[in-house]
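Q: I'd like to ask you about the structure that follows.
The values are calculated or read from the model by the stated rules, or taken from the named source; none is laboratory data. Keep in mind that what you see is a predicted model, and the values were worked out from it rather than measured. Cβ sites come from the backbone with ideal geometry, for glycine too, and all protein chains shown count toward neighbours.
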Amino acid sequence: MDHIRNFCIIAHIDHGKSTLADRLLQVTKTVTEREMQDQVLDDMDLERERGITIKSKAIQMEYTYKGQTYILNLIDTPGHVDFSYEVSRSIAACEGALLLVDATQGIQAQTISNLYLALEHDLEIIPVLNKMDLPSAMPEEVKDQIVDLIGCPRSSIIPASGKTGQGVEDILAAIIERIPPPQGDPDAPLQALVFDSVYNSFRGIIAYYRILNGRLRKGDKVLFMSTGKDYVADEVGTLKLQLQPKDEVSAGDVGYIVSGIKNAREVRVGDTITHAEKPCDAPIKGFENVKPMVFAGIYPVDTDDFEELRASLEKLQLNDASLTFEPETSAALGFGFRCGFLGMLHMEIVQERLEREFNMNVITTVPNVSYIAYTRKGEKITVNTPSDMPDPTQLDHIEEPFIKAQIITKPEYIGPIMSLCMDKRGIIKNQSYLTTDRVELIFEMPLAEIVFDFYDKLKSISRGYASFDYHIIDYRESDLVKLDILLNGDQVDALSALIHRSRAYHFGRRMCEKLKELLPRQQFQIAIQAAIGSKVIARETLSALRKDVTAKCYGGDISRKRKLLERQKEGKKRMRQIGTVEVPQQAFLAVLKLNQ
Amino acid sequence: MHGIPHKIIHPAATGKPLFLPKVGLGVYIHIPFCKRACHYCDFYFSTQLRYKKELVQALAREARLRQEEWAGAEIHSLYFGGGTPSLLEPSELADLLDLFHRLANPVPEVEITLEVNPEDVNSKNLATWKKLGINRLSLGLQSLQTRILQWMNRGHSGPQGLEALKKAGEAGFDNINVDIIFAIPGLELSCILNDLREILKFQPTHISCYELTCEPRTAYAHEVKTGKIFPVEEAASGEQFLTLSEILESAGYNHYEISNYARPGFEAIHNRRYWEGLPVLGLGPSAVSFDGRMRTQNVAHNIRYMTSLQKGVRLCETEILTPSALLNEYLLTRLRLQEGLSFTALRQRFGPDAEQRIRSRAAKWSPQVAEWRSDGFRLTRQGRLLADHLAADLFEI
């Protein structure tokens, strides 16, 4: 065990984590030059394109240092707030962390929140200043920030560049010298922390774990403590670039288990694996059942594709246990699914994966968060879609999730960020200077307010110099109303939204205006209304189409006009009929475009 | 005829034409020069008149190169369009007509139209055109309001336009078209009607009433885009369209196509070919040819047009119409014509299934837009305002 080091890398998105990881793999000869593709650890297309690591992975490296061979387990962590629980479990599996900071950008909000997580778990922090090769690097300034933040000696910060390979050997040395070897008793009852799982279409779910105590042998009967289900360990081993089967994995090490599990939901991140016959006393602390917080309807563009969409979502769920879905019907969109996501990025990723990996054309409706409604009779109802909302006469009160939002920015942007957050019903809780030009702002605000356009706005008002992280804290009572959209008196269920009463009027008016832009004119007038219950709060009128352009039509005009009309007709085929009104797909996304 | 940019330019395939002798052929010659650019026009033209002579030679080259395509056919019409064909010197026009008569086989009553700008109309030119065999003039009056003509960047004034119309009649032209434009920002309906009254005094045989449209890459489009000018609202332009139609019909003109009116017996033989899907051979830069199945458009660039023809190559873009494209164009153009759509004709051309489908789609229309007969329907005056919309409704995709 003295020759094992388990570590992860804490970094803000784009600070070069994956590139540095690639370098480590290269220098330790874990991958050959031939196998080397940029960002080896991110193997989904989407990840490589977006440059973010969505699912965490682990990899084992061997490195000879001062004549001794060490096993270094790198546990890769996702870098986005939507996946912060997964990050916390990866951290719990390590003894040390590389704190990677972009020398051109300095410390960002996510770095800090993940750093706090690491400190909570008593991880040894090795600060690394990345992207030193860039001319815009400001190493001295960023070093000041790091020293201020973790109180480490200035000399312990390693300058590096994932791109050029600078500092990589120093980092490997520091991992071995500074990170303590794992503790644990190989002879105690088995206690292994699941920090990730992947789906393999031939082998089922492959769970990744870190053994705290005991040994896991091939053929053992194991118990997953949170689900209470037991399985036979068909294969165990360690994680190189490919799986490396072994007879035994023991305390301190990181490994995988294949046990014929078919459904990702049975393998939960944070769960404890133990022996069925001789279980450990208690599961490892920190397990949480992650609940989706953002919900949206996903509908096939072509109503005939409903079953295919179901099959695609099921397949997606096999390796994305945090995705939930259940069938839902909409008068406007037909049959589809109400899907639950960890956050907005997760939603976008699911939508894109459906389109790319499964070739599905989908319409995603207005996202909302999960509310809790209390009826007069004292019933507690979870509201994941506007139509779940109880009748106003039955409703006692409703609660919505609140988050603690942490924003790190430069002092000159405090003003605009404050007003943005206040505008989003945020309450400022704290403001502190991390360094002279880095301010941390803590807000409490409703999750619902960051669902739409918060990131974009934050980015634009701070010219990109603001980073953001959040955690759900609690549910609080809130004055929410269901806002309906009506077209010529027919309610469009897919456009209903739950919204705070103070924002309903503004939101309703904007929706009507946007729909007026997006709906094609038809042979009759269309009234676009926003209503709360039976009270109309906004209205726009789309006048009837009385006339086309009666232009000349000779030689080449004919084919141009035909093509134009053919395109229009083609677009019309994909429209949805609401009462007498034909509604194009993009209108269903109107709410997402309110700011464009 | 349009100057749309050409993405795929390739030498035209040569082969036997599909023109049937029975339906004959119309010939269009595009003269791609103007002295100045009208602010609304997107036809292809150049204001560089230097190489006009060479271009006329290139036209002759193209005519000879494509001789096979028109040699056997009876020519029903010849149309000089542009640009500004009245910029041609008498000798240049004479050369082209001479070539036409040598190569082609026109029917005795062949319609030969020359588009002319009022500023080019004088007794000398009129006499020349008459002598050369031009039997129809199309006069680009557009408006009689000088301020409007100036805004359009036309080269003539209101009185000059009227004078040209008068002189043309005096010179013995008995088939004259007058172009007028409506839906012009700042031009009241009453003004248009006044203009019309003045024009009707001269009893032109044909009137084309064009709605001003905002075509991309024109000065007008730029003014609209930058908010300098607001296009006429559709309620107003619709009213202008309807009023013009009522007045001209009561004055004895048939509103035989959405943008065209004619006294009985004077419908444009050449332009009708486009609406009936009949073959037309187009010569000159940007000119469009159609043989009933294949449409080609010459390169819309004078220099490229000329240099390629010097090498004996005709650059054009080709589109072979699919059966549904043919049907859609048929519907599109038929609905624009006064006689409307005949179910018998539709069945004969496209089969009973297509006929049934189209019949049932049209059956859902309001009686306000279409007038039904035993063997088909036609659009009402109101319906014509929605011609594109209604045609698209019938389209097969």
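Q: Filter the range A:240-268 down to the residues that are farther than 12 Å from residue A:205 by Cβ and either buried (at least 21 other Cβ atoms within 10 Å of the Cβ) or in the same structural domain as residue A:323 (by TED's automatic domain parsing) (or both) and list them by number.
A: A:249, A:251, A:252, A:253, A:254, A:255
Q: Looking at the range A:511-518, can you tell me whether even one residue there is of a type outside the set (A, V, I, L, M), surrounded by fewer than 15 Cβ atoms within 10 Å (Cβ to Cβ) and modelled with pLDDT under 90?
A: Yes, the range A:511-518 has at least one match.
Q: Yes or no: residue A:404 within 20 Å of the chain's Cα centre (by Cα), not hydrophobic (A, V, I, L, M, F, W, C) and not in a strand (DSSP E or B)?
A: No: the conditions fail for residue A:404.
Conditions tested, residue by residue: (1) in the same structural domain as residue B:350 (by TED's automatic domain parsing); (2) crowded, with 22+ Cβ neighbours inside 10 Å; (3) of a type in the set (A, V, I, L, M, F, W, C); (4) free of Cβ contacts under 8 Å to residues at least 60 places away in the same chain.
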site	(1), (2), (3), (4)
B:227	no, no, no, yes
B:230	no, no, yes, yes
B:235	no, no, yes, yes
B:238	no, no, no, no
B:252	no, no, no, yes
B:260	no, yes, no, yes
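Q: Looking at the range A:169-192, which of its residues are touching a Phe, Trp or Tyr at 6+ places or on another chain (Cβ under 7 Å) and part of a loop (DSSP other than H, G, I, E, B)?
A: A:179
Q: Has the range B:228-241 got any residue that is polar (S, T, N, Q), part of a helix (DSSP H, G or I) and within 14 Å of another protein chain (Cβ to nearest Cβ)?
A: Yes, some residue in the range B:228-241 is polar (S, T, N, Q), part of a helix (DSSP H, G or I) and within 14 Å of another protein chain (Cβ to nearest Cβ).
Q: Using the structure shown, decide if residue A:315 is surrounded by fewer than 21 Cβ atoms within 10 Å (Cβ to Cβ), at pLDDT below 85 and over 21 Å from residue A:585 (Cβ atoms).
A: yes
Q: If you don't mind, another one. So residue A:195 passes all but one of these: (1) outside any helix (DSSP H, G or I); (2) more than 30 Å from residue A:318 (Cβ to Cβ); (3) in contact with a helix residue (DSSP H, G or I) (Cβ under 9 Å, 6 or more places away or on another chain). Which condition number does it fail?
A: So residue A:195 meets the others, but not (2).
Matching residues to (1) within 30 Å of residue A:195 (Cβ to Cβ); (2) touching a helix residue (DSSP H, G or I) at 6+ places or on another chain (Cβ under 9 Å); (3) among the charged types (D, E, K, R):
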{"residue": "A:304", "(1), (2), (3)": "no, no, yes"}
{"residue": "A:324", "(1), (2), (3)": "yes, yes, no"}
{"residue": "A:350", "(1), (2), (3)": "yes, yes, no"}
{"residue": "A:358", "(1), (2), (3)": "yes, yes, no"}
{"residue": "A:362", "(1), (2), (3)": "no, yes, no"}
{"residue": "A:376", "(1), (2), (3)": "no, no, yes"}
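Q: Next question. Can you tell me which residue is farthest from the other protein chains (Cβ to nearest Cβ) among those in the range B:341-370 that are within 28 Å of residue B:242 (Cα to Cα), surrounded by fewer than 19 Cβ atoms within 10 Å (Cβ to Cβ) and touching a residue at least 12 places away in the same chain (Cβ under 8 Å)?
A: The residue in question is B:343.
Q: Let me ask another. Touching a residue at least 12 places away in the same chain (Cβ under 8 Å), among the acidic types (Asp, Glu), within 14 Å of chain A (Cβ to nearest Cβ) and in a loop (DSSP other than H, G, I, E, B) - does that describe any residue in the range B:208-215?
A: yes
Q: Being modelled with pLDDT of 90 or more and in contact with a helix residue (DSSP H, G or I) (Cβ under 7 Å, 6 or more places away or on another chain) is the filter here, so list the residues in the range A:153-170 that pass it.
A: A:154, A:157, A:158, A:159, A:160, A:168, A:169
Q: Is the range B:275-293 home to any residue that is surrounded by fewer than 16 Cβ atoms within 10 Å (Cβ to Cβ), of a type in the set (A, V, I, L, M, F, W, C) and either part of a helix (DSSP H, G or I) or more than 10 Å from chain A (Cβ to nearest Cβ) (or both)?
A: For the range B:275-293, residues surrounded by fewer than 16 Cβ atoms within 10 Å (Cβ to Cβ), of a type in the set (A, V, I, L, M, F, W, C) and either part of a helix (DSSP H, G or I) or more than 10 Å from chain A (Cβ to nearest Cβ) (or both): absent.
Q: Being aliphatic (A, V, I, L, M), outside the structural domain of residue A:303 (by TED's automatic domain parsing) and either modelled with pLDDT of 90 or more or surrounded by fewer than 21 Cβ atoms within 10 Å (Cβ to Cβ) (or both) narrows it down to one of A:408, A:450, A:461, so name that one. Talk me through it step by step, then tell me what you get.
A: Details: A:408 fails: either modelled with pLDDT of 90 or more or surrounded by fewer than 21 Cβ atoms within 10 Å (Cβ to Cβ) (or both); A:450 fails: either modelled with pLDDT of 90 or more or surrounded by fewer than 21 Cβ atoms within 10 Å (Cβ to Cβ) (or both).
The conditions single out A:461.
Q: How many residues does the range A:287-301 contain that are surrounded by 15 or more Cβ atoms within 10 Å (Cβ to Cβ) and more than 28 Å from residue A:453 (Cβ to Cβ)?
A: 1
Q: Across the range A:533-564, which residue is farthest from the other protein chains (Cβ to nearest Cβ) among those that are under 45 Å from the mean Cα position of the chain (by Cα) and modelled with pLDDT under 90?
A: So the residue we want is A:533.
Q: Also, I was wondering about something else. Residue A:590 fails exactly one of the following numbered conditions: (1) out of contact with any Ser or Thr (no Cβ under 9 Å at 6 or more places or on another chain); (2) surrounded by 18 or more Cβ atoms within 10 Å (Cβ to Cβ); (3) modelled with pLDDT under 90; (4) within 14 Å of chain B (Cβ to nearest Cβ). What is the number of that condition?
A: (4)
Q: Restricting the search to the range B:175-209, which residues are among the acidic types (Asp, Glu) and at pLDDT 95 or above?
A: Of everything in the range B:175-209, those that are among the acidic types (Asp, Glu) and at pLDDT 95 or above turn out to be B:179, B:195, B:198.
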